[in-house]
Ligand SMILES: [Zn+2]
């Protein structure tokens, strides 16, 4: 029997190389050129009788900024990326809105980066509409779009490149506290230049007259739609909202950006991402929510978790770690 060790593996590789060189395999390879394109990104699972479809908006990649985690040195963040088997100089940021079909209502939670981003990124992000179509979901069929908070990657897909509404028959449900803050002219005038000021301008651009006509606010601790309660998880933004979706004995915590990418911020809940508007409050919210998820063994759906972006959280030393759910071929 062949023993698998480094030497036998290397010897095997050498034999395979010789075979390719010999001609038989190379002819087969030439007959099937690589496709070079990913499959459409949607994935379904059930929460009781409710069907959830995760529909990816794509994955943004950019060089790791020096101040990405404001209370840690860049080298420590790089070590965190390396520990997750990722390129230590590139930050991978997935965007994953979800569709909820309750049987009587079809609802989208968050909208991704929008049609304009699809064009400017050459299709890397802004994929929501293309993937909805691949999943057989017509934008005109949505009854509601629920928004968790007012950052561009969550609201920009509310409108198309020509500023018309992207979901023509949907009511737009927004957290009351978040809406009040970003629509307050006093807050806008006091916002420091940079990220915050830019976000105020983007909010005012997206929430145009057509969007405002369809808008209704919702409150924390109440149902947004039957079976889905809004949970206040402030810090990332003033009115940042998560949800518990339940049906029968099943539950999922839809955490929005309570943690950003899990491979950094579930594992290190004390790290402050520069996206967090009030980092101290965001950390307190994060620790409390992660504790609850771990102790209740509740499934979590995360907007910035790697697609299909749902799984579990468990305690690990002083922190936590994510355990992604296994792919299930049946729904
Ligand atoms: Zn986000």
- Note on the structure: Those residues of region 223-245 which are part of a loop (DSSP other than H, G, I, E, B) and in contact with a strand residue (DSSP E or B) (Cβ under 7 Å, 6 or more places away or on another chain) amount to 227, 233, 239, 240
- Take the residues of region 247-260 that are assigned to a strand (DSSP E or B) and over 19 Å from residue 108 (Cβ atoms): which is nearest to the chain's Cα centre (by Cα)? 251
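Yes/no per residue for (1) within 16 Å of the ligand (Cβ to nearest atom); (2) part of a loop (DSSP other than H, G, I, E, B); (3) touching a residue at least 60 places away in the same chain (Cβ under 8 Å):
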{"site": "267", "(1), (2), (3)": "no, yes, yes"}
{"site": "283", "(1), (2), (3)": "no, no, no"}
{"site": "288", "(1), (2), (3)": "no, no, no"}
{"site": "295", "(1), (2), (3)": "no, no, no"}
{"site": "307", "(1), (2), (3)": "yes, yes, yes"}
{"site": "314", "(1), (2), (3)": "no, no, no"}
{"site": "322", "(1), (2), (3)": "no, no, yes"}
- Query: What is the number of the single condition among (1) surrounded by 14 or more Cβ atoms within 10 Å (Cβ to Cβ); (2) more than 22 Å from residue 210 (Cα to Cα); (3) at pLDDT below 95 that residue 134 does not meet?
  - Reply: (3)
- Task: Look at residue 274 and say whether it is within 13 Å of the ligand (Cβ to nearest atom) and more than 22 Å from residue 177 (Cα to Cα).
- Result: no
- Note on the structure: Checked region 222-265 for anything within 16 Å of the ligand (Cβ to nearest atom) and free of Cβ contacts under 8 Å to residues at least 24 places away in the same chain; matches are 265
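Being more than 16 Å from the ligand (Cβ to nearest atom), more than 27 Å from residue 39 (Cα to Cα), more than 19 Å from the chain's Cα centre (by Cα) and surrounded by 15 or more Cβ atoms within 10 Å (Cβ to Cβ): is that true of residue 105 here? Can you show your working first?
Values: more than 16 Å from the ligand (Cβ to nearest atom): yes; more than 27 Å from residue 39 (Cα to Cα): yes; more than 19 Å from the chain's Cα centre (by Cα): yes; surrounded by 15 or more Cβ atoms within 10 Å (Cβ to Cβ): yes.
So residue 105 passes the test.
The values are calculated or read from the model by the stated rules, or taken from the named source; none is laboratory data. This one's a predicted model, so the numbers in the text were calculated from it and none came from an experiment. No Cβ is skipped: glycine too gets one built from the backbone with ideal geometry, and neighbour counts run over all protein chains shown.
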